[in-house]
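**Student:** Sharing a structure here in structure tokens format.
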Amino acid sequence: MNHEQTSLAFRENSVRALEDSALRAAMKQAADTFGTKRADAFAPVADLEALRDRASAIREEVLASLPMYVDRFTAAATRAGAVVHRANDAAAAREIIRKILADRGARLIVKGKSMVSEEVDLNSHLEAAGMEVVETDLGEYIIQMEGETPSHIIVPAIHKNRQQVGRLFADRLGVPYSDDPQVLTKIARKALREKFLSADAGISGANFASADTGSLVLFTNEGNGRMVTTVPPLHVAILSIEKMLPTLTDLPAFIRLLPRSATGQPITSYVSVVTGTRKAGDATGAKELHIVLLDNGRTEINAGESRDILKCIRCGACMNVCPVYRTVGGHAYGWTYPGPMGMILTTLLTGMAKSHPLVDASTVCGACVEVCPVRVPLVDLILELRRRKVREGFSDPKEKRGMALFGKAAAKPALFALGQRLAGAFWPLVRALGGKDVAGRMPAPAKTPLRRRLP
Amino acid sequence: MQVLLFGTCLVDTFFPEAGEATVRLLRRFGAEPIFPKGQTCCGQPAFNAGYEAQSRAAAEHFLWEFDGDAPIVTPSGSCAAMVKHHYPWLFRDDPKRLAKAKRTGERIYELTQYLVHVAKAHEAGLRGKGTVTYHASCHLTRSLGVREEPMTLLSSLQGATFLPMPDAARCCGFGGTFMAKLPEISCALADEKAASIEATGADTVTGCDSGCLMNIADAMRRRGTKIRVAHIAQLLAEGL
Amino acid sequence: MSGADRERLFLENAAIAAAGTHSVSDTGELLAALRRVVATDSPVYCPGVTELEKAAAALFPVRAADYAAATVTVEEVFGAVAETGTIVCVSAGGRAVQAGLLPAHHVAIVRRDRIFGTLDDLFAAVAGDPPTNLTLVTGPSRTADIELTLAIGVHGPEKLDIIVV
């Protein structure tokens, strides 16, 4: 399974996506559905703005003292029986996890949804070591079977329709074809139940981690999160360091915001709070818990101008309202994280050289800023990355020359007026020279501009 | 009362009729519009594309051309938002210009803001005809917070019927340099917007920002749709 | 908020989340409610530890020793939250958290004085010394991963019944 980043081909990727009518229909349906559901879910919430302010303040507090909260979490989780590992980068995270599993002879691993595990490309590393890794979130299970990557962080298989899923299950699982989602879900339940009960280990992510109690918090609807974290004897959790909350009592604000922002539910079917390993007197729960805290560039991001992106709680609300994401889907962005938060985080984590077209993948319409539950200043962050792109020399040379000229003309009225006249005189030439994408979509300049019509 | 008119580079160059209509409206409601001849551009195209120095050069010139105490009126939500919200940041290291930028930001009105809050034009019994729908441009709505004023004015037109568009505030795909950098996505978004407009059955679509209207007109042209695309200044001025 | 209001809000919200809801005043009514929701010949897993569980267990002759083999679990849970219609399951006291997870049908008994008003009330009570596993359960398991069409009953239970005693 090829997880090569293809962000440099964003424009080509998006042109292909635009031609995929099934994808466009799926994305449109998703956007319309999520938009309405989110609005309906928040309608009865008294004082949403105060809730967002509070959540935003909590996230800012964490980032302001991130190393302290990470240390505090580590100590508390360790006291509760977990082993906590710090992974500086993707390679370290993969290897730490592989070793934990290999040392215990783990061969069958069940996995809950974790964007961070995609970020570090964990699955292929474990599979190369001879382990069987089974994705248990239904959407992830589907795309794993197809050999694809997720196109949305909340509903990873949103780009697939029921017929495609039906054919996939019929082919791979040897079941009779059905395109009824209820039937397909039951098929998956049966197939995965066996895996849960015989797995040597469970790998999960975490939506949040509370620093005071050393707890991991998982929001799920399917029950796979609960299975993965309590059924196998060994539980490995991987999460990035900015997922901290100061205390477990900070959690309610996020329970009120995240499910509504993500899927329009007042609360997910399950919110699991896992604190350490089985204690004396416990009948069940993982005997061993290993928590891998991933940095992968976040400490550096936290020290810079783009630190506010680390406030993100991965709800997906920004994606659901983004005009660009809604039209081209997640794969076009070419890496783990798509949409508004994705274009920013991808550029910061993988570097401008591998991501720079992404910073242009926005009309800066501001719809994302309106819905972000923790007030990440997404538009400001995108503009900051555009400035960085220019400074670091990744802009198109023609554009640079054009902007240099613009800067001069904007400051010199005579030059500006001359430019107007020249544009007017040479418009047909501009169009003919291949300006059809731009000049072809604009009317010709007026014969007499406004400045010559007024006294 | 004197007001300074900021035409905007798009209106000046491509849609001077909207500028002339703005002048007629201002005069009708008791203002004497002055068009500083040296005006150029607010700097937004450069600012949105990440060219800080060039956008600052444009902004410095704007502050100089529009110096004074008179209100500034502009037929563009995105330009008004640029001046109000981004000029202070551009001059963050320049205390004198920062002070001037803040004062200038307090003086600038997008046209419908001025017409409703200062001129009370919605109470003047302006005339209209046919059926009109409205595209709510992104910076106007989300940056400047102007949501009601254009609809207040359109609803007040005697003889015209206002037909609201679903998802009126959804981005049309213009996005300044976005339309040049990602034209395929821009066209797809413009097509969706055009389809929303067509679905209202209105004979005219209007808005407060020329960039959006230009992009919408292009989509209409590609689709062979015969709906009129006109800046709100023109519609209102026709009703004088 | 009075206890009666809390209970009413809890049952309303639990029903919205597709849980079956029942409110009873004593053990006799509890057993009647259980008979209504569970066929008495089903293989039932019941821990039989609390007073209410012992009474419930007496109803079911076919007892599954292991919840993995049961079609239904009947158990008393730690508490509930009115704000969201949630029941709270914990691992403390030797509770098997998977008991309410693996079988297709989960029947949760909640004492009415264990209904918290808000999520803040719940977390204030447990955050001092959280158990190994604490799960907020709201309705049966579900997914909308296929075409955003809601399907009830994924890996967790397909049916959740809540009886407030």
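The values are calculated or read from the model by the stated rules, or taken from the named source; none is laboratory data. Please read all numbers here as calculations on a predicted model, not as lab measurements. Note that each Cβ is placed from the backbone with ideal geometry, even for glycine, and that neighbours are counted across all protein chains shown.
**Student:** Given the conditions (1) among the polar types (S, T, N, Q); (2) under 27 Å from residue C:146 (Cα atoms); (3) under 23 Å from the mean Cα position of the chain (by Cα), and given that residue A:56 satisfies all but one, which numbered condition is not satisfied?
**Tutor:** Going through (1) among the polar types (S, T, N, Q); (2) under 27 Å from residue C:146 (Cα atoms); (3) under 23 Å from the mean Cα position of the chain (by Cα) one by one, residue A:56 breaks only (2).
**Student:** Ok, one more. With respect to residue A:348, determine if the residue is modelled with pLDDT of 95 or more, outside the structural domain of residue A:119 (by TED's automatic domain parsing), part of a helix (DSSP H, G or I) and under 14 Å from residue A:312 (Cα atoms). Working first, answer last.
**Tutor:** Numbers: modelled with pLDDT of 95 or more: yes; outside the structural domain of residue A:119 (by TED's automatic domain parsing): yes; part of a helix (DSSP H, G or I): yes; under 14 Å from residue A:312 (Cα atoms): yes.
Answer is yes for this residue.
**Student:** How do the pairs read when you match residues in the stretch B:111-134 that are in a loop (DSSP other than H, G, I, E, B) with residues anywhere that are basic (Lys, Arg), using Cβ under 9 Å and keeping only pairs 6 or more apart or on different chains?
**Tutor:** Filtered contacts from the stretch B:111-134: B:119/B:28; B:124/B:28.
**Student:** State all residues of the stretch A:146-155 that are touching a helix residue (DSSP H, G or I) at 6+ places or on another chain (Cβ under 9 Å) and farther than 23 Å from residue A:235 by Cα; if no residue qualifies, say none. I'd like the intermediate steps shown before the answer.
**Tutor:** Of the residues in the stretch A:146-155, the ones touching a helix residue (DSSP H, G or I) at 6+ places or on another chain (Cβ under 9 Å) are A:146, A:148-155.
Scanning the stretch A:146-155 gives A:146, A:148, A:149, A:150, A:151, A:152, A:155.
**Student:** Then there is this: If you go through the stretch A:31-59, how many residues are of a type outside the set (D, E, K, R), more than 26 Å from residue A:348 (Cβ to Cβ) and either part of a helix (DSSP H, G or I) or in contact with a Ser or Thr (Cβ under 7 Å, 6 or more places away or on another chain) (or both)?
**Tutor:** 9
**Student:** Also: Which condition number does residue B:195 fail, the rest of (1) hydrophobic (A, V, I, L, M, F, W, C); (2) more than 10 Å from chain A (Cβ to nearest Cβ); (3) crowded, with 20+ Cβ neighbours inside 10 Å; (4) farther than 29 Å from residue B:28 by Cβ being met?
**Tutor:** Residue B:195 satisfies all of (1) hydrophobic (A, V, I, L, M, F, W, C); (2) more than 10 Å from chain A (Cβ to nearest Cβ); (3) crowded, with 20+ Cβ neighbours inside 10 Å; (4) farther than 29 Å from residue B:28 by Cβ except (3).
**Student:** While we're on this one: Could you grab me the full set of residues in the stretch A:397-429 that are touching a residue at least 24 places away in the same chain (Cβ under 8 Å) and under 44 Å from the mean Cα position of the chain (by Cα)?
**Tutor:** A:420
**Student:** Output the residue which, of all residues in the stretch A:430-455 that are in a loop (DSSP other than H, G, I, E, B) and at the interface with chain B (Cβ under 7 Å from one of its Cβ atoms), is farthest from the chain's Cα centre (by Cα).
**Tutor:** A:454
**Student:** Would you confirm whether any residue within the stretch A:220-234 is within 18 Å of the chain's Cα centre (by Cα) and closer than 24 Å to residue A:119 by Cα?
**Tutor:** Narrowing the stretch A:220-234 to residues within 18 Å of the chain's Cα centre (by Cα): A:220.
Subset that is closer than 24 Å to residue A:119 by Cα: A:220.
Checked the stretch A:220-234: at least one residue is within 18 Å of the chain's Cα centre (by Cα) and closer than 24 Å to residue A:119 by Cα.
**Student:** Same structure, new question: I need every pair where a residue in the stretch B:156-173 that is within 21 Å of residue B:195 (Cβ to Cβ) and within 14 Å of another protein chain (Cβ to nearest Cβ) has its Cβ under 6 Å from the Cβ of a residue that is among the small types (Gly, Ala, Ser) and in a loop (DSSP other than H, G, I, E, B), sequence separation at least 6 or different chains.
**Tutor:** The qualifying pairs are B:168/B:136; B:169/B:136.
**Student:** Related question: Considering the stretch B:131-160 alone, what residues qualify as being touching a Lys or Arg at 6+ places or on another chain (Cβ under 9 Å) and farther than 23 Å from residue B:215 by Cα?
**Tutor:** B:157, B:158, B:159, B:160
**Student:** Here is a check on your reading of the model: is residue A:129 within 13 Å of another protein chain (Cβ to nearest Cβ), touching a residue at least 12 places away in the same chain (Cβ under 8 Å), in contact with a helix residue (DSSP H, G or I) (Cβ under 7 Å, 6 or more places away or on another chain) and surrounded by fewer than 18 Cβ atoms within 10 Å (Cβ to Cβ)? It would help to see each step written out before you state the result.
**Tutor:** Details: within 13 Å of another protein chain (Cβ to nearest Cβ): no; touching a residue at least 12 places away in the same chain (Cβ under 8 Å): yes; in contact with a helix residue (DSSP H, G or I) (Cβ under 7 Å, 6 or more places away or on another chain): yes; surrounded by fewer than 18 Cβ atoms within 10 Å (Cβ to Cβ): yes.
Spelling it out, it is not the case that residue A:129 is within 13 Å of another protein chain (Cβ to nearest Cβ), touching a residue at least 12 places away in the same chain (Cβ under 8 Å), in contact with a helix residue (DSSP H, G or I) (Cβ under 7 Å, 6 or more places away or on another chain) and surrounded by fewer than 18 Cβ atoms within 10 Å (Cβ to Cβ).
**Student:** Do we have any residue at all in the stretch A:42-53 that's surrounded by fewer than 19 Cβ atoms within 10 Å (Cβ to Cβ) and β-branched (Val, Ile, Thr)?
**Tutor:** yes
**Student:** Please specify each residue of the stretch A:243-293 satisfying the condition of being without any contact (Cβ under 8 Å) to a residue 12 or more places away in the chain and either of a type in the set (Ser, Thr, Tyr) or part of a loop (DSSP other than H, G, I, E, B) (or both).
**Tutor:** Result: A:249, A:280, A:281, A:282, A:283.
**Student:** If residue B:92 satisfies all but one of (1) surrounded by 16 or more Cβ atoms within 10 Å (Cβ to Cβ); (2) assigned to a loop (DSSP other than H, G, I, E, B), what's the number of the condition it fails?
**Tutor:** For residue B:92, the exception is condition (1).
**Student:** Which one is farthest from residue A:80 (Cα to Cα) among residues in the stretch C:112-165 that are among the β-branched types (Val, Ile, Thr), surrounded by 24 or more Cβ atoms within 10 Å (Cβ to Cβ) and facing chain A (nearest Cβ under 7 Å)?
**Tutor:** C:146
**Student:** Within the stretch A:62-72, track down each residue that is surrounded by 13 or more Cβ atoms within 10 Å (Cβ to Cβ) and either of a type in the set (A, V, I, L, M, F, W, C) or farther than 27 Å from residue A:83 by Cβ (or both).
**Tutor:** Selection gives A:62, A:63, A:66, A:68, A:70.
**Student:** From the list A:6, A:36, exactly one residue is more than 14 Å from chain B (Cβ to nearest Cβ) and within 19 Å of residue A:152 (Cα to Cα). Which is it?
**Tutor:** Numbers: A:36 fails: more than 14 Å from chain B (Cβ to nearest Cβ).
After applying the criteria, what remains is A:6.
**Student:** Just checking, which of A:424, A:407, A:419, A:342 is crowded, with 24+ Cβ neighbours inside 10 Å and assigned to a helix (DSSP H, G or I)?
**Tutor:** On the way: A:424 fails: crowded, with 24+ Cβ neighbours inside 10 Å; A:407 fails: crowded, with 24+ Cβ neighbours inside 10 Å; A:419 fails: crowded, with 24+ Cβ neighbours inside 10 Å.
A:342 is the lone residue from the list that is crowded, with 24+ Cβ neighbours inside 10 Å and assigned to a helix (DSSP H, G or I).
**Student:** If you go through the stretch B:8-64, how many residues are at the interface with chain A (Cβ under 8 Å from one of its Cβ atoms), among the β-branched types (Val, Ile, Thr) and not in a helix (DSSP H, G or I)?
**Tutor:** 1
**Student:** Shifting gears a bit: Of a type outside the set (Asp, Glu) and in contact with a His (Cβ under 8 Å, 6 or more places away or on another chain), is that true of residue C:84?
**Tutor:** The answer is no for residue C:84.
**Student:** Any residue that is within 11 Å of another protein chain (Cβ to nearest Cβ), surrounded by fewer than 24 Cβ atoms within 10 Å (Cβ to Cβ) and of a type in the set (Gly, Ala, Ser) - is there at least one of those in the stretch C:73-89?
**Tutor:** For the stretch C:73-89, residues within 11 Å of another protein chain (Cβ to nearest Cβ), surrounded by fewer than 24 Cβ atoms within 10 Å (Cβ to Cβ) and of a type in the set (Gly, Ala, Ser): absent.
**Student:** So which of B:187, B:172 is outside the structural domain of residue B:111 (by TED's automatic domain parsing) and either within 18 Å of the chain's Cα centre (by Cα) or modelled with pLDDT under 95 (or both)?
**Tutor:** Matching residue, one of B:187, B:172: B:172.
**Student:** Can you confirm whether residue A:402 is over 17 Å from residue A:301 (Cβ atoms) and in a helix (DSSP H, G or I)?
**Tutor:** yes
**Student:** Let me ask something else. Would you check if there is a residue in the stretch C:57-76 being of a type outside the set (Asp, Glu), in contact (Cβ under 8 Å) with a residue 40 or more places away in the chain and assigned to a helix (DSSP H, G or I)?
**Tutor:** No, every residue in the stretch C:57-76 fails to be of a type outside the set (Asp, Glu), in contact (Cβ under 8 Å) with a residue 40 or more places away in the chain and assigned to a helix (DSSP H, G or I).
**Student:** Separate question: Determine, yes or no, whether residue A:324 is in a loop (DSSP other than H, G, I, E, B) and either more than 23 Å from residue B:8 (Cα to Cα) or under 16 Å from the mean Cα position of the chain (by Cα) (or both).
**Tutor:** Here the answer is no, as residue A:324 does not meet what is asked.
**Student:** Same structure, new question: Of (1) modelled with pLDDT of 90 or more; (2) part of a helix (DSSP H, G or I); (3) more than 7 Å from chain B (Cβ to nearest Cβ), residue A:375 satisfies all except one. Which?
**Tutor:** Only one criterion is unmet by residue A:375, namely (2).
**Student:** A further question on this structure: For a quick check of your reading of the model, give me the residue pairs whose first member lies in the stretch B:212-228 and is free of Cβ contacts under 8 Å to residues at least 60 places away in the same chain and within 11 Å of chain A (Cβ to nearest Cβ), whose second is basic (Lys, Arg) and buried (at least 22 other Cβ atoms within 10 Å of the Cβ), with beta-carbon atoms closer than 6 Å and at least 6 apart or on different chains.
**Tutor:** B:218/A:441
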